[in-house]
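Undergrad: This is the structure, below, for whatever I ask next.
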Amino acid sequence: MSVLVHVNNLTKYFPVHRGMFGKEVGQVKAVDGLTFDIREGETLGLVGESGCGKSTTGRLILRLLEPTAGSVTFAGQNVFEAGSKEMRNLRRDMQIIFQDPYASLNPRMSVGDIIAEPIRLHKLAAGPEVQKKVEHLLSCVGLAAYQARRYPHEFSGGQRQRVGIARALALNPRLIICDEPVSALDVSIQSQVLNLLKDLQQEFGLTYLFIAHGLNVVKHVSDRVGVMYLGKMVELAGDEELYQNPLHPYTQALLSAIPVANPRVKKERIILAGDVPSPVNPPQGCRFHTRCFNCQDVCRHHEPVFKRIKPGHWVACHLVREEI
Ligand code: SF4
Ligand code: MG
């Protein structure tokens with residue numbers, strides 16, 4: 001598989017001000033030195049608790065935010081150095097699906113117009129061709145042609161997410177960033193939307209960065225999974241490998257929280273101490289050390305390097321040694 005997106009040392013700090021117009025008193029280290037690839041045609045899951053920087057990472061890749069440092073390369077093009085013409089092409093190739101489809105769909109536009117808007121903006125079709133394209137996209141996501149005349153409030157949550165997916169597909173993108181696309185949906189609807197995303201990936205040859213809260217959702221869709229904690233990637237591996245052989249204590253804790261289907265399989269739940277520390281002035285050394293059950297002295301003072309332990313498996317932990 002070739003590399004579609006290369007993320008190198010990607011960093012985003014947000015300034016923190018005292019009061020609305022006060023002086024800068026600190027920085028939120030939202031994303032701090034991420035390096036990873038997204039391969040053409042795969043689904044890379046990106047997992048971590050709220051505030052770990054996963055959504056910020058998605059927005060940086062799309063250049064909805066400018067980075068503090070680092071680069072993103074999409075199909076050989078440096079995203080942050082793209083001029084307006086290149087950026088226009090990149091905007092076609094990279095799309096996003098949001099967690100809350102209701103908030104991302106204009107309530108005053110019919111669903112047909114919502115899906116047609118990017119097609120018209122990018123001049124992909126004109127006249128009656130637009131309508132045909134919209135109807136085709138609706139059928140791709142399992143909605144009927146007549147529903148184009150309806151408005152977002154007339155749809156259920158799951159249907160609205162289908163509309164959001166149809167809009168994302170309208171420009172025939174190569175990459176879709178799925179930012180917690182099922183977290184706001186009922187559990188019974190979640191798997192329908194996940195299956196739809198999988199089918200569309202096959203049909204359209206899509207690459208996904210699939211952002212989620214917990215490992216249980218990405219388990220069913222990801223080829224590889226990256227785990228983030230406080231702006232850092234702590235582990236990255238193929239999905240089988242990560243679920244069978246998690247090496248970072250944080251990944252182990254996240255996995256232990258997933259209920260097992262077979263009650264005879266005994267599983268110790270790892271309860272982490274305390275809460276996630278603030279990303280403003282995060283802990284020195286290993287950022288996870290305040291909650292880690294394996295913490296040693298070295299962990300408090302030295303930051304572990306994100307290193308390859310074996311082919312395809314990367315971990316940032318002092319206690320994990322490279323396998324030769
Ligand atoms: Fe825990 Fe130390 Fe590894 Fe950090 S480096 S995860 S504190 S054992
Ligand atoms: Mg988020």
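Undergrad: Is one or more of the residues making up region 95-106 under 21 Å from the mean Cα position of the chain (by Cα), closer than 26 Å to A168 by Cα and among the small types (G, A, S)? Can you show your working first?
TA: At the first step, the residues of region 95-106 found to be under 21 Å from the mean Cα position of the chain (by Cα) are 95-105.
From the residues that got through so far, the ones that are closer than 26 Å to A168 by Cα too are 95-105.
Applying the additional criterion that residues be among the small types (G, A, S) yields 103-104.
Yes, because at least one residue in region 95-106 is under 21 Å from the mean Cα position of the chain (by Cα), closer than 26 Å to A168 by Cα and among the small types (G, A, S).
Undergrad: Please find, within region 147-165, the residue that is farthest from the chain's Cα centre (by Cα) out of those that are charged (D, E, K, R) and loosely packed, with under 13 Cβ neighbours inside 10 Å. Full working, then the answer.
TA: Taking region 147-165 first, the residues charged (D, E, K, R) are 149-150, 154, 160, 162.
Among the residues that remain, those that are also loosely packed, with under 13 Cβ neighbours inside 10 Å are: 149, 154.
On the way: R149: 31, E154: 28 Å.
Per the stated criteria, the residue is R149.
Undergrad: Could you check how many residues of region 13-46 are away from ligand 1 (no atom under 16 Å from the Cβ) and touching a residue at least 60 places away in the same chain (Cβ under 8 Å)? Spell out the reasoning first.
TA: Quick first cut of region 13-46, residues away from ligand 1 (no atom under 16 Å from the Cβ) only: 13-31, 34-46.
From what's left, touching a residue at least 60 places away in the same chain (Cβ under 8 Å): 16, 26-31, 34-36, 38-46.
So the count comes out to 19.
Undergrad: Would you check which residues across region 24-54 are surrounded by fewer than 22 Cβ atoms within 10 Å (Cβ to Cβ) and either modelled with pLDDT under 95 or among the polar types (S, T, N, Q) (or both) and list them?
TA: Correct list: E24, V25, G26, Q27, V28, T35, E49, S50, G51.
Undergrad: Right, something else. Output yes when any residue across region 187-207 is in a loop (DSSP other than H, G, I, E, B), surrounded by fewer than 16 Cβ atoms within 10 Å (Cβ to Cβ), of a type outside the set (F, W, Y) and at pLDDT below 95, and no when none is.
TA: Step one: list which residues in region 187-207 are in a loop (DSSP other than H, G, I, E, B), which gives 205-206.
Next, only the ones that are surrounded by fewer than 16 Cβ atoms within 10 Å (Cβ to Cβ) stay: 205.
From what's left, of a type outside the set (F, W, Y): 205.
Subsequent filtering for residues that are at pLDDT below 95 retains none.
No - not one qualifying residue is present in region 187-207.
Undergrad: While we're here: Anything in region 99-115 that is touching a residue at least 40 places away in the same chain (Cβ under 8 Å) and surrounded by 20 or more Cβ atoms within 10 Å (Cβ to Cβ)? List them, or say none.
TA: Result: Q99, P101, L105, V111, I114, I115.
Undergrad: Next question. Please state which of the following conditions R92 fails to meet, knowing it meets all the rest: (1) within 16 Å of ligand 2 (Cβ to nearest atom); (2) in contact (Cβ under 8 Å) with a residue 24 or more places away in the chain; (3) more than 14 Å from the chain's Cα centre (by Cα).
TA: (1)
Undergrad: Restricting to region 207-240, give me the number of residues that are more than 13 Å from G45 (Cβ to Cβ) and touching a strand residue (DSSP E or B) at 6+ places or on another chain (Cβ under 6 Å). Step through it out loud before you land on a result.
TA: To start, the set of residues in region 207-240 that are more than 13 Å from G45 (Cβ to Cβ) comprises 229-232, 234.
Still in the running and touching a strand residue (DSSP E or B) at 6+ places or on another chain (Cβ under 6 Å): 231-232, 234.
Residues that pass the stated criteria total 3.
Undergrad: For residues that are touching a His at 6+ places or on another chain (Cβ under 9 Å) and either without any contact (Cβ under 8 Å) to a residue 12 or more places away in the chain or crowded, with 22+ Cβ neighbours inside 10 Å (or both), tally how many sit in region 166-176. Full working, then the answer.
TA: From region 166-176, those touching a His at 6+ places or on another chain (Cβ under 9 Å) are 170-171; that's our starting set.
Now restrict to residues that are either without any contact (Cβ under 8 Å) to a residue 12 or more places away in the chain or crowded, with 22+ Cβ neighbours inside 10 Å (or both): 170.
Total meeting the criteria: 1.
Undergrad: Just name the residue that is surrounded by the fewest Cβ atoms within 10 Å (Cβ to Cβ) out of those in region 297-310 that are over 23 Å from the mean Cα position of the chain (by Cα) and more than 18 Å from P282 (Cα to Cα). Give the derivation first.
TA: Let us first name the residues in region 297-310 that are over 23 Å from the mean Cα position of the chain (by Cα), namely 297-304, 309-310.
When the remaining residues are screened for being more than 18 Å from P282 (Cα to Cα), the result is 309-310.
Values: I309: 17, K310: 14.
Filtering first and then ranking leaves K310.
Undergrad: Between a first residue in region 55-76 that is among the basic types (K, R) and a second residue that is more than 16 Å from ligand 1 (Cβ to nearest atom) and outside any strand (DSSP E or B), which pairs have beta carbons less than 8 Å apart while being 6 or more apart in sequence or on different chains?
TA: Note: pairs meeting the criteria are R59/L65; R63/V79; R63/F80; R63/A82; R63/M87; R63/L90.
Undergrad: Name every residue in region 127-146 that is in contact with a helix residue (DSSP H, G or I) (Cβ under 8 Å, 6 or more places away or on another chain) and loosely packed, with under 14 Cβ neighbours inside 10 Å, in order of residue number.
TA: Residues of region 127-146 that are in contact with a helix residue (DSSP H, G or I) (Cβ under 8 Å, 6 or more places away or on another chain), as a first pass: 130-131, 133-135, 137-145.
Passing the criteria: S139, A144.
The values are calculated or read from the model by the stated rules, or taken from the named source; none is laboratory data. Please read all numbers here as calculations on a predicted model, not as lab measurements. In this analysis, Cβ positions are derived from the backbone assuming ideal geometry, glycine residues included, and neighbour counts consider all displayed protein chains.
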